Amino acid sequence: MKGQVFAITLVVISGVATFIMFISTVDSLSLTRDTFYREYRFADVFINLKRAPESLKDKLKDVPGVNQIETRVSAYVKLAISGFPEPVNAAIISIPDDGKPLLNRLYIRKGRLADPTKDNEVVINENFAQAHGFNPGDRFAVIINGKWKTLTITGIALSPEFVLLMKPEAMSPDFKRYGVLWMSRKALSKAYDMDGAFNNVVLTLYPDAKLSDVLAQLDTIVEQYGGFGAYARKDQISHRLLSGEFQQLQRSSEIFPTIFIFVAAFLLNVVMSRTINTQREQIAALKAFGYNNIDIGFHYAKLVVLIISAGLVGGIAAGIWFGKMLGGIYMEVYRFPFLIYTLHPKVIIAAVLISIASALVGTFHSLWRAAKQPPAEAMRPEPPAQYRVTLIEKTGIGRWLTQPSRIIARNIERKPIRTFLSIIGIAVACATMISSGFFKDSIAFMVNVQFVLSQKEDMTVAFAESTSRRAIYELKELPGVHHAETFRTVPAKLKFGHRSYKTRINGIEPDSRLHLLLDTNLQAISLPPSGIVLTDHLGKILGVKAGDMLTVEVLEGSKPIRQVPVVALVTLYLGVMGYMDLTALNRLMREGDAISGAYLVTDPMYSEKLYQSFIKMPRVSGTVLRRNEVRNFHDVQAKGMLFFTFIATLMACSIAFGVVYNSARIALSERSRELSSLRVLGYTRGEISYILLGELGLITLIAIPLGFFIGYWLCAYIAQALASDLFRVPLVIETKTYSLAAAVVLASALASGLIVRHKLDHLDLVEVLKTRE
Amino acid sequence: MKAALRRKLFVIVIILIVVSATIYGFMPKAVDVDLVDVSRAPLQVTIEEEGRTRLKERFVISAPTAGYMRRIDAKVGDSVRKGQILVTLESLRSQALDPRSRAEAEATVSAAEASLNAAMEKERAAMADADYLERRLERITNLYAKGSVAKDQFDQAESEAKKARAVQRSAKAAVDVSHAEFERTKTTLQNFTPSGRTEKYDTLHVSSPVGGIIFRIYRDSEGAVNAGEPLMDIGDAKNLEVRVEVLSSDAVKIKKGTTVLFKHWGGDGTLTGIVRIVELAGFTKVSSLGVEEQRVLVIADITSPPEIWRVLGDGYRLETHFVVWEGNAILQVPASALFRSGKEWMVFVEDNGKARPRTVEVGQRNGLAAEIISGLKEKDKVIAHPDDSIGNGKHIRPRK
Amino acid sequence: MIAKEGQANDSVEVVFQVRDLTKIYEMGEVEVHALRGANLELYSGELVVLLGPSGSGKSTLLNILGGLDTATSGYVSYRGKNLTKANEQELTEYRRFHVGFVFQFYNLIPSLTARENVAVVTEIASNPMVPEDALALVGLTDRLDHFPAQLSGGEQQRVAIARAISKNPEVLLCDEPTGALDSKTGIVVLEALERINRELGTATAIITHNADIAGMADRVVHLSNGRITEVKVNTVKKSPCELQW
């Protein structure tokens, strides 16, 4: 009984731990985020524009609903860091000269703010500093508005605006190649000739402000100043990604613990009913002595609660420990200055209540029977189990079965529900393992399709503004550039009916070899000479299908508004975009041959020289290496992935072990008599092991393919639940994952089998002959 | 006995199946790759730059005099013969008939007349002054000769007389000007005749000095033109050349006679051409990306039959490819198959379903293909676009 | 050593030889001496009843003879093979091929029918009977496909007997075979045992605390307090139906 209780406790611990882990992590991160936002005045609305006079600030402030407002100067610069030859970019943002930003304040980790009287001091963000090992006092060079400047770091800071720092079109953060610099307004204005002007606004709203109205009014005011469209916090990239993560954690906290609690309840039910059965005589005696039904019921209920409590204590402790670890992992990517770890009492109460309730519900039937049983009946021995010739045998296989196999078959059929639930339990363990491997597999597939099959360039060079197509010849003639293709990308609002979505339209060369659009069979689709191709997810958001007319409002240049036919929808896993033939896009813009950048195939031996050339080219705003994108994606996901895989494996093992071990132990206690009898009759240890473990082995072997099936559908559900604007998870499960799941389940089953086998080997043969049942 | 043995066998078989199925799942799968044959084919290495067309000889038809040009009905692209009349000019005709203009013209005439009278008055006054001062000068000269007046006085008188004459002359000139102005305003008023166009005018025809095609029309609607105003360009379409500003480092590879290909010229297909001049002197220019570069002007002629490229105009942009190297039956692989390993270039060769790295020596290359000097032979299969998942000995299979 | 009267030792085969057999086992802190130096021979073909009160050591003796238990000291041999020095595997083999067991509580496999319960043993035996024949011997031909839950106590015991002899064992050991049955059913069971002993010549040892049953034996071995106190030869063998208790 001890072993069984241990196994059940393990399952309960796992369930409670994962529940607490996920929820406490979400709560902690939420609380940390909310505190950070509040204390450091994270803005509600953000506006980027080309240039406006400082006097416009009052007009903006007068928009009803606007509470506090701050104007800033911001830009995008290239950096040259000695010892790190690869291209590095940064967003540079102004700090008011008095050093006190009204909104989006800085948390200074080290050092101090930049001195407004000096024009070469900056504060940098912590991730960037750590990635390069920078400390206050270190220096690096930037190209600010075409001029070389050496900057000295005066401080390292964090901001609620950049909890997750990511380049706008990137797929994952790259702390080494993208950072944030904060410079005094005076110095930055001077460098960009923005004295008395601004190009960036952040503001907060009153609680009762109507967001869409405010945004519309702000847009109207800034339109003539080259406004790119005001957006709210929910579309701010750092906040958006953070919210997405929370959602995922929330979902995980719902799915996985539920599985555990069910399994635990099931196991408890089996163990309790067994225990109660074996103790019928004692129960009868107690009843005869005057204990009423309620007392009996309570007594066993207490036992259930005791077992659950042990699991709860362990689970809460483990949950807190894992929760802190998970929080730590998140903190490496999401930079809060501190992590407020919080575990609401109500979470613990919820865990306690849910566990106990499910356990009691699960065991209710047995407890009820124990309570209800008339004493006299309880005194009598349990009526013998009814066996039947099994269905399997009736099909004719019976002829081939030896008696031991027959025993297995008959036992399985005798308690079909219990057998079925055991199979389900093991299958669920298998499915859990598959779902953890699925994350890894699908992400690997996504990255492969997006970054290896669809994109074949080595570097992408982006221009500060749209540039003449002639630039491509210049790039092609750089030493080390083997091939180059142009692209144009414009921000646009796509409208269909009442739905709209702000995104980018990518114009690529029609016979592009470096950027391919792939369909679900991974075959390249040729871009039609006119019309737009949309990501299918975007198609769903807008409610369009091929053939519909889309209204495209370009947010750049002359801001034309055109009708464009949707030619096709493609399945892409990352991002939501529109694609057009480059010439068609330029036609839409009514501009000549303008390009936003180029894709290059380069010779690695010339890479550093090329980086240096690009830094010196004023019109080149940044360079991205594809290799880095891939690596970053993996790096950022890797730690989290490892953690989840570890947890999932733990879970799967504990469930598999718990279910198999329990079944084995119960089977052992129920059948030790007949097995011992067989030993007496001359059956070897191996032969009776076959009977007991063979049944378990059969259950496991049936459960594994069923587990594959359940796992597949569980992953399909997870994939669909995780779909968002940022990425869609393809349902890809490698055979390796299936094998690993099977191996883990088999190993757990084997382990419990060996333990039971050990007990079998030491059956007391003499004892069994003396007892009646 | 047999049954027990059978059962043991059965259990062992089941275990073997399960274990091998599980292990199978772990075995590395063959990676899908694109396999390409190493083949012999023509290879071209080109330098690309944007070029612009220009008419070698351009004839600008301009208005010989000020006049009123009749509407030009010809269109750009029309061919003209030598001597064909292109433009017809009439003498400047009246402006609008509106009374206000006429009243203005009349007022101008009156004003001019008044000015003239004023000027004539001034002239009379100046003449009177001058005459008087000259007679005075005569008297003082006599007195001075006798010694009755100081030299000072004499000088003064002389200077005053001279001044007066000058004033008189200038007054006379002013009268001339006023007179001319008066005449002019009268002529203008003359143009305002109530009858309008019924008058006959003199016409002047401008004909084409050469046969060719109209390349550009500067203005086609009727109206007054000034003398010398350019009206249209005529040129011989066959005399189109392409001017390309090439980076000086690339220009060394281009010489007279280099084959040129023109793409994206507005029509289908590729045009051919030949380099005529590579200028010796370079010049500095700021590139599209903002960098100062040394460039050299290269001029090429189009050798494709002119009928094909009739639509090409003057100042059109073309994508120009200078073929700096060409070879036939060159052993080559797709450029994407190559990757660096240290200083060497390597490829992955397919060998019995496995990928094997092979060092190769690369010769000429363009964006698409690269010449293999050594390391591979014809019919070898290489992996295009090898990525990180390919390694030595990895199982590969061609993508379907 | 008390020999069987009227029989020369050499003409009858000795099946079991027991010398100074001692078995001590611990129950908590107390040492229980179940056997204290027993000596005995059992001969082929005879029916022996081991008689004694509970705690006399008869079950312990039977268990050791059957290879179910090991002696603390002493010597037991079966047809010259030393059982005391045999290891687990050898004992299992010994039980498998040479010994048939019948127990007080039948110990049938509840998930198998009567026929299958016998087949359990015939499948692993080297020279077994056909299960149907074994069951015929005990008079259960019309109960072949019944599960133990559907059989009466006596029928179950008879199935157990059929199971025991179906492997054609040289020795049949029965521990209180009628202990759970009423006298009428018990007689039926004893009749089966007697018939088998007579027809097949299997050496049979029956444990009982019921002295009346001893009447059907060839010899009666009395045990008390872990010692063999007396071995009596029955001059007249009663048939089971003549027994009363």
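Return the average number of partner chain Cβ atoms within 10 angstrom of each residue Cβ along peptide A:468-478. Walk me through the intermediate numbers first.
Values: counts 4, 5, 7, 5, 5, 13, 8, 3, 6, 8, 1.
Mean inter-chain Cβ contacts per residue within 10 Å come to 6.
Can you tell me the order of A:147-154, A:10-17 when each peptide is scored by its average per-residue count of other Cβ atoms within 10 angstrom, highest first?
By packing density, highest mean first, the sequence is A:10-17, A:147-154.
Please give every one of the lysines within straight-line cross-link reach of C:Lys238, meaning a C-alpha to C-alpha distance under 23 Å, and leave out same-chain neighbours fewer than 8 residues apart.
Within the straight-line cut-off, C:Lys238 pairs with C:Lys4, C:Lys58, C:Lys184.
How large is the convex hull of the C-alpha atoms of chain A per residue, in Å³?
Dividing the Cα hull volume of chain A by its residues yields 206 Å³.
List the relative contact order of chain A as a percent without decimals, with contacts defined as Cα pairs under 8 Å and 6+ residues apart.
Working: 1380 pairs, mean separation 134.5, N = 773.
Value for chain A: 17 percent.
Which value, in Å² and to the nearest 10, is the accessible area of B:Lys285 when all protein chains are kept and the probe is 1.4 Å?
My reading of the accessible area for B:Lys285 is about 70 Å².
I need the peptides C:94-107, B:248-261, B:321-334, A:570-583 ranked by packing, meaning the mean over residues of other C-beta atoms within 10 angstrom, with the highest value on top. Working shown, then result.
Values: C:94-107: 22.4, B:248-261: 16.4, B:321-334: 18.4, A:570-583: 20.7.
In descending order of packing, they fall as C:94-107, A:570-583, B:321-334, B:248-261.
Order A:20-28, B:370-378 from most to least packed using the mean count of other Cβ atoms within 10 Å.
Going from most to least packed, we get A:20-28, B:370-378.
Using the crude model of +1 on Lys and Arg Cβ and -1 on Asp and Glu Cβ, and no other charge, please compute the dipole size for the stretch A:448-630 relative to its Cα centre, in debye to 20. All intermediate terms of the calculation are to be shown ahead of the outcome.
Numbers: 22 positive and 19 negative charges, 116 e Å.
The dipole magnitude comes to about 560 debye.
For chain A, what does -39500 (n - 2.57) per DSSP helix run (n ≥ 4), summed and divided by total residues, give at 222 nm, in deg cm²/dmol to the nearest 500? List each step's numbers first, then the result.
Values: 21 runs with 400 residues, N = 773.
Counting only the DSSP helices, I get -17500 deg cm²/dmol.
What does the average come to when, for each residue of peptide A:403-409, you count the partner chain Cβ atoms lying within 10 Å of its Cβ?
For this peptide, the per-residue mean of nearby foreign Cβ atoms is 6.
Would you mind calculating the relative contact order of the stretch A:448-630 from Cα pairs under 8 angstrom and at least 6 residues apart, reporting the percent as a whole number?
37
Using θ = phi - 60° and the Karplus curve 6.51 cos²θ - 1.76 cosθ + 1.60, what whole-Hz ³J(HN,Hα) does each residue of the stretch B:347-364 get, with Gly and Pro shown as x?
With the stated coefficients, the stretch B:347-364 comes to 9, 9, 9, 8, 9, 6, x, 10, 8, 10, x, 9, 7, 10, 9, 9, x, 6 Hz.
Give the ranking of A:Ser436, A:Ser74 by solvent-accessible surface, highest area first, calculated with a 1.4 Å probe.
In descending accessible area the options line up as A:Ser74, A:Ser436.
How high is the relative contact order of chain C, given as a whole-number percent (alpha carbon pairs under 8 Å, six or more residues apart)?
That works out to 26 percent.
With +1 on the Cβ of every Lys and Arg and -1 on the Cβ of every Asp and Glu, and nothing else charged, how large is the dipole of the protein assembly as shown about its Cα centre, in debye rounded to the nearest 20?
Computed about the Cα centre, the dipole is about 380 debye.
If you take each beta carbon of peptide B:17-28 and count the beta carbons of other chains within 10 angstrom, what is the mean?
Across B:17-28, the average partner-chain Cβ count within 10 Å equals 4.
Could you work out [θ]222 nm for chain C from helices alone, using -39500 (n - 2.57) per DSSP H run of at least four and dividing by all its residues? Round to the nearest 500 deg cm²/dmol.
After summing the helix terms and dividing by the residues of chain C, the value is -8000 deg cm²/dmol.
Obtain the nm distance between the two label points defined at C:Leu144 and B:Val311 by a simple spin-label model: each point lies 7 Å from its Cα along the Cα-to-C-beta direction.
Modelled inter-label distance: 9.7 nm.
How many nm is it between the label spots at A:Ala716 and A:Leu306, if each spot is 7 Å from the Cα in line with the beta carbon?
My value for the distance between the label points is 4.6 nm.
Checking understanding here: applying a Kyte-Doolittle mean of at least 1.0 and a length along the axis of at least 15 Å (C-alpha), which whole DSSP H helices in chain A pass?
Membrane-span-like by this rule: A:211-222, A:293-333, A:345-372, A:416-447, A:685-722.
Can you pull the Rg over Rh of the protein assembly as shown, Cα-only, Kirkwood? Let's see the in-between values first.
Working: Rg = 53.1 Å, Rh = 42.7 Å.
Ratio value, two decimals: 1.24.
Using Stokes-Einstein with the Kirkwood hydrodynamic radius over Cα pairs, what translational diffusion coefficient do you get for chain C at 25 °C and a viscosity of 0.890 mPa s, in µm²/s rounded to a whole number?
135
Once fully extended, how much extra length lies between B:Thr359 and B:Gln153, figured as 0.36 nm per residue of separation less the alpha-carbon to alpha-carbon distance?
Full extension of this stretch gives 63.0 nm more.
Work out how much length A:Ile397 to A:Ala350 would gain on full extension: take 0.36 nm times their residue separation and subtract the Cα-Cα distance, in nm to one decimal. Each step should come with its number before you reach the end.
Working: separation 47, 0.36 × 47 = 16.92 nm, distance 5.08 nm.
My answer for the length gained is 11.8 nm.
What's the magnitude of the charge dipole for the stretch B:99-191 around its Cα centre, counting Lys and Arg as +1 and Asp and Glu as -1 at the beta-carbon? Answer in Debye, nearest 20.
I would put it at about 140 debye.
Mind checking which lysines have their C-alpha under 19 Å from A:Lys324, skipping anything on the same chain fewer than 8 residues away?
Correct list for A:Lys324: A:Lys346, A:Lys639.
Just list whichever of A:Lys456/A:Lys559; A:Lys59/A:Lys186; A:Lys167/A:Lys234 have alpha carbons separated by over 20 Å in the model shown. Each step should come with its number before you reach the end.
On the way: A:Lys456/A:Lys559 32 Å; A:Lys59/A:Lys186 23 Å; A:Lys167/A:Lys234 17 Å.
Result: A:Lys456/A:Lys559; A:Lys59/A:Lys186 exceed 20 Å.
Would you please calculate the Kirkwood hydrodynamic radius of chain B over all C-alpha pairs and express it in Å, rounded to one decimal?
31.6
In this model, which of A:Lys190/B:Lys285; A:Lys118/A:Lys149; B:Lys82/B:Lys238 are farther than 21 Å apart at the alpha-carbon?
The answer is A:Lys190/B:Lys285.
DSSP H helices in chain B with Cα extent of 20 Å or more along the helix axis and mean Kyte-Doolittle hydropathy at least -1.0?
Counting only whole DSSP H runs, the qualifying helices are B:2-26, B:99-146.
Can you pull out the GluC sites (Glu not before Pro) in the stretch B:25-57 whose DSSP state is coil and whose Cβ has at most 12 other Cβ atoms within 10 Å?
B:Glu57
Considering the options A:Leu574, A:Ala584, A:Val554, tell which one lies farthest towards the positive end of the dipole of the stretch A:448-630, charges being +1 on Lys and Arg and -1 on Asp and Glu at the Cβ, about the Cα centre.
The residue sitting most towards the positive pole is A:Val554.
Can you give the accessible area of B:His385, probe radius 1.4 Å, in Å² rounded to 10?
The accessible area comes out at roughly 70 Å².
So for the stretch A:45-233, taking the charge dipole from beta-carbon charges (+1 Lys/Arg, -1 Asp/Glu), which of A:Leu165, A:Ala131, A:Val45 sits furthest toward the positive end?
Final value for the positive-end residue is A:Ala131.
The values are calculated or read from the model by the stated rules, or taken from the named source; none is laboratory data. Just so we're clear, the structure is a prediction, and the values are computed from it rather than from any experiment. Note that we place each Cβ from the backbone using ideal geometry, even for glycine, and neighbour counts take in every protein chain shown. Each accessible area value is taken on the protein alone, full model and side chains, heavy atoms only, with ligands, DNA and RNA left out. Shrake-Rupley method; radii C 1.70, N 1.55, O 1.52, S 1.80 Å.
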